[in-house]
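Single-structure report; data block below.
We did not get these values from a lab; they are worked out from the coordinates using the rules stated. All of these numbers come straight from a predicted model, not from anything done at the bench. Cβ sites come from the backbone with ideal geometry, for glycine too, and all protein chains shown count toward neighbours.
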Amino acid sequence: MELVSNIEVHKIKKSGISEVNFNQLEFGKYTSDHMLVADFANGEWQTPKILPYANLSLSPAALALHYGQTVFEGMKAFRMANGSVNIFRIHKHHQRLTKSLHRMCMAEIPEDIFIEGLTQLIALDQDWVPSAPGTSLYIRPFMIATESRFGVKISDEYRFIIFTGPVPSIYTEPIKVKVETEFSRAAKGGTGFAKCGGNYGAAYFPTKLAKEQGYDQVLWTDSIEHKFIEESGMMNVMFVINETLVTPALSDSILDGITRDSLLTIAKDLGIKTEERPVSVFELQSAFENKTISEAFGAGTAAVVAPIKTIGINGTDFHLPAYSADSKSSIIKNKLEQIRAGNTEDIHGWNFIVP
Ligand code: COI
């Protein structure tokens with residue numbers, strides 16, 4: 001890999017870190033001192049810069065603001081037991097970003113800019129990586145179409161930015177979800193597998209209605225018949241049915257979650273049977289009636305594992321047993337945390353230690 005060693009760095013005059021209460025972090029509240037910025041113009045990426053975190057200046061006609069060419073990633077860096085900083089699964093996040101950008105007809109970001117830029121950014125803001133259990137530095141790479149033109153067209157100009165911020169664990173208490181059978185998050189042939197802004201915007205209204213009914217999130221179903229489970233809110237979803245870890249198979253309407261992949265891989269390593277296949281709403285309801293379902297949880301970068309306590313299916317709430325340290329989800333999550341912290345061998349090469 002050719003390294004982008006000529007990244008210009010403009011350091012912030014006064015760090016904002018003293019304003020952060022690291023004992024009371026909130027997801028999405030704090031941003032670290034610096035951001036990486038790279039522009040795509042005249043058919044090529046310009047040399048990236050590291051700048052103090054600040055507002056952007058954009059044309060009101062910037063294409064992203066109108067026609068939705070926006071893509072993002074969600075990643076985390078962890079403070080390891082020996083004090084090093086670990087950017088988790090950096091290559092896989094770059095691969096997924098590339099797939100999302102391709103689907104949205106946006107300029108793909110070369111791996112060297114992504115990795116070298118992110119590494120330098122995290123090295124500069126390494127004091128922002130928290131160390132308390134469950135905390136991490138959330139990393140938000142994203143790209144927007146910046147060409148100033150209000151005709152509907154594929155943009156010729158883009159801005160790629162990475163900013164970060166310290167975050168706590170979220171969804172530590174089990175959540176209530178509702179199987180959504182009216183609205184859809186993603187359709188076959190659509191953009192469900194891509195991490196593009198529109199997928200999240202489209203989810204707000206059904207989620208708002210579910211919240212008014214007392215649920216925390218929705219369980220999305222397929223858009224054709226609403227018979228098969230797809231994802232949970234902003235996460236993938238997994239079930240333990242008959243002692244097997246079951247999750248919907250990937251498709252063009254399901255995000256290829258990196259936490260999903262990590263949990264499945266760890267489960268296999270631990271000798272837990274796994275199945276990636278269609279999971280119908282009917283199967284889920286039968287599993288509650290036959291008492292063969294013992295766990296259900298969301299899996300995502302932000303939440304890691306979000307245990308589910310209740311699933312609403314067509315107006316009836318079905319309840320899961322309480323979770324404990326012996327639950328499969330707890331055992332797998334714990335192993336993932338041990339790998340990230342460097343307390344157990346990283347046999348799959350997932351950790352990327354910041355030099
Ligand atoms: C993540 O889990 O990282 C996500 O992207 C979900 C959300 C915070 C948008």
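Whole-Hz Karplus ³J(HN,Hα) for segment 301-309, in order, using 6.51 cos²θ - 1.76 cosθ + 1.60 and θ = phi - 60°, x for Gly and Pro?
Using θ = phi - 60°, the values come out as 4, 5, 8, 6, 10, 10, x, 10, 9 Hz.
Any chance you could give the angle, 0 to 90 degrees and rounded to 10, that helix 197-212 forms with the longest Cα principal axis of the chain?
Helix 197-212 sits at roughly 40 degrees to that axis.
Considering the options 164, 21, 59, tell which one lies farthest towards the positive end of the dipole of segment 8-167, charges being +1 on Lys and Arg and -1 on Asp and Glu at the Cβ, about the Cα centre.
Positive-most Cα among the choices belongs to 21.
Spin-label point model (7 Å from Cα, Cβ direction): what's the residue 277 to residue 95 distance in nm?
2.5
For residue 308, enumerate residues with amide H under 5 Å from its amide H, sequence gap 5+ or separate chain, H modeled in the peptide plane.
Correct list: 175, 296, 297, 298.
Please give the net charge around residue 20, taking every other residue with its beta carbon less than 11 angstrom from that of residue 20, where Lys and Arg add +1 and Asp and Glu add -1.
Combined, the nearby Lys, Arg, Asp and Glu give -3.
Between 224, 154, 331, where does the largest GNM mean-square fluctuation fall for the chain, given springs only between Cα atoms within less than 10 Å?
Among 224, 154, 331, the largest mean-square fluctuation in the Gaussian network model of the chain belongs to 224.
By how many nm would the segment from residue 49 to residue 148 lengthen if fully extended, with 0.36 nm per residue of separation less the alpha-carbon distance?
That works out to 33.5 nm of additional length.
Within segment 214-234, name every residue whose backbone N is under 13 Å away from a label modeled 7 Å from Cα of residue 181 along the Cβ vector.
Label zone hits: 221-222, 225-229.
Show me the trypsin sites (Lys or Arg not before Pro) within segment 222-289 that DSSP assigns to loop and that have at most 16 other Cβ atoms within 10 Å of their Cβ.
Filter output for segment 222-289: 227, 273.
Mind giving me the nanometre distance, one decimal, between the label points for residue 337 and residue 41, set 7 Å out from Cα along Cα→Cβ?
A separation of 4.7 nm, rounded to one decimal place.
Could you work out the relative contact order of segment 162-256? I mean the mean sequence separation of Cα pairs under 8 Å and 6+ apart, divided by the number of residues, in percent.
32
With +1 on the Cβ of every Lys and Arg and -1 on the Cβ of every Asp and Glu, and nothing else charged, how large is the dipole of the chain about its Cα centre, in debye rounded to the nearest 20?
In total the dipole reaches around 420 debye.
Identify the residues of segment 39-56 with backbone N under 18 Å of a label point that sits 7 angstrom from the Cα of residue 156 along the Cα-to-Cβ direction, or state none.
Under 18 Å, as judged by backbone N against the label point of residue 156, lie 39-46 of segment 39-56.
Just to confirm the filter: which GluC sites (Glu not before Pro) across segment 249-352 are DSSP coil and have at most 10 other Cβ within 10 angstrom of their Cβ?
Sparse-neighbourhood loop GluC sites (Glu not before Pro): 345.
Taking 0.36 nm per residue of sequence separation and subtracting the Cα-Cα distance, how much length would be gained by fully extending the chain between residue 270 and residue 102, in nm to one decimal?
57.0 nm
For every helix of n ≥ 4 consecutive DSSP H residues, a contribution of -39,500 (n - 2.57) applies; sum these over the chain, divide by its total residues, and give [θ] at 222 nm rounded to the nearest 500 deg cm²/dmol.
Counting only the DSSP helices, I get -7000 deg cm²/dmol.
Measure nothing but the geometry: give the 0 to 90° angle between the long axis through the Cα atoms of 111-124 and the longest principal axis through the Cα atoms of the chain, rounded to 10°.
Result, in degrees: 80.
Each label point is 7 Å from the Cα along the Cα-to-Cβ direction; what then is the distance between the points at residue 212 and residue 289, in nm?
3.1
Which of the lysines could be linked to residue 11 by a straight reach, that is with a Cα gap under 28 Å, when you skip same-chain ones fewer than 8 residues away?
29, 49, 76
Taking the chain as a Gaussian network, where each spring joins two C-alpha atoms under 10 Å apart, which residue of 278, 321, 307 fluctuates the most?
The residue with the greatest mean-square fluctuation here is 321.
If you filter segment 1-104 for trypsin sites (Lys or Arg not before Pro), then keep DSSP loop positions with at most 14 other Cβ within 10 Å, what is left?
11, 13, 14, 29
Looking at the chain as a GNM with Cα springs under 10 Å, which of 341, 203, 81 has the largest mean-square fluctuation?
81
Relative contact order (percent) for the chain, with alpha-carbon contacts under 8 angstrom and 6 or more residues of separation?
Normalised by residue count, the contact order of the chain is 19 percent.
Could you grab the relative contact order for segment 175-338? Cα pairs under 8 Å, six or more apart, rounded to a whole percent.
24
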